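For reference, the structure discussed in these notes is given below.
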Amino acid sequence: MESTLLILLVVSSFFTFAQETQIPVNEETQLAEYAEVVDAAGTASDLYNAALAWINEYYPNPNGTINSKVAGESIEGKSRFKVKLTDKKGRTIAQSYVNYSFKLEFNVHRYRYTIFKINWQQSSYFDVSRWEDTGHPRYEAETYPVYVQQTVSLFDDYIAAPKAGVAKPPT
């Protein structure tokens, strides 16, 4: 009996530690962050112009989204999106916002994007990576996995969009 209990304990702890998070976390800051260096054809100026054209297409209010830009070098901005839940009757209800900041940096034949300060709009800073902490006493099992899925899905699409947008020259 004791050996069976011990085996169950070991197996359950293995699965607990083997859980992989879906939202990437920066090792230094321990906060949610997406970052990558992407190879692309063109000069830094070409990539900057293509990214600016993409931002103007992607965001409904690009001027309100962009905080700063240095021609041929970088673009910084911030935006947000709504997380939603579906009730028992199948109605989708907007819950709150997820805010994020982004930075695009350009060099010859490559650019780097960083999406950081990804947080759930609350009275205090709530990093979205906390939605995956199932051991937290205030973890909401019915809500947080849905928010994680929506956030990961949005950023997967968001990351793919500038890769396609920067790959095509601006018109």
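The values are calculated or read from the model by the stated rules, or taken from the named source; none is laboratory data. The structure presented is a predicted model; accordingly, all values stated were derived computationally and were not measured. For neighbour counting, all protein chains shown are included, and Cβ atoms are generated from backbone atoms with ideal geometry for every residue, glycine included. The accessibility values were calculated without ligands, DNA or RNA, using every heavy atom of the protein model including side chains. Shrake-Rupley method; radii C 1.70, N 1.55, O 1.52, S 1.80 Å.
Observations on the structure shown:
- Being under 26 Å from Pro60 (Cβ atoms), more than 13 Å from the chain's Cα centre (by Cα) and open to solvent by 50 Å² or more (accessible area, probe 1.4 Å) is not true of Glu140.
- Lone unmet requirement of (1) part of a strand (DSSP E or B); (2) farther than 27 Å from Thr143 by Cα for Asn63: (1)
- Restricted to the range 63-77, and to residues there that are β-branched (Val, Ile, Thr) and without any contact (Cβ under 8 Å) to a residue 12 or more places away in the chain, the residue that is nearest to His109 (Cα to Cα) is Val70.
- Of all the criteria given as (1) farther than 23 Å from Gln22 by Cα; (2) in a helix (DSSP H, G or I); (3) open to solvent by 30 Å² or more (accessible area, probe 1.4 Å), the one not satisfied by Asp157 is (1).
- Candidate set: the range 111-137, residues that are part of a strand (DSSP E or B) and either among the β-branched types (Val, Ile, Thr) or touching a helix residue (DSSP H, G or I) at 6+ places or on another chain (Cβ under 8 Å) (or both); chosen: the one surrounded by the most Cβ atoms within 10 Å (Cβ to Cβ): Tyr111
- Which numbered condition Ala41 misses (of (1) farther than 21 Å from Asp156 by Cβ; (2) of a type in the set (Gly, Ala, Ser); (3) assigned to a helix (DSSP H, G or I)): (3)
- Entry remark, the range 21-45: residues being charged (D, E, K, R) and open to solvent by 80 Å² or more (accessible area, probe 1.4 Å) number 3 in total.
- Comparison of Val166, Val98 shows that the only residue that is open to solvent by less than 60 Å² (accessible area, probe 1.4 Å), touching a Lys or Arg at 6+ places or on another chain (Cβ under 8 Å) and β-branched (Val, Ile, Thr) is Val98.
- Scanning the range 73-84 turns up at least one residue that is over 26 Å from Leu47 (Cβ atoms) and either in contact with a Pro (Cβ under 9 Å, 6 or more places away or on another chain) or open to solvent by 20 Å² or more (accessible area, probe 1.4 Å) (or both).
- Against the list (1) surrounded by 15 or more Cβ atoms within 10 Å (Cβ to Cβ); (2) farther than 23 Å from Gln122 by Cβ, the condition Tyr59 fails is (1).
- Filter result for Thr143 (touching a Phe, Trp or Tyr at 6+ places or on another chain (Cβ under 9 Å), touching a residue at least 40 places away in the same chain (Cβ under 8 Å) and not aromatic (Phe, Trp, Tyr)): yes
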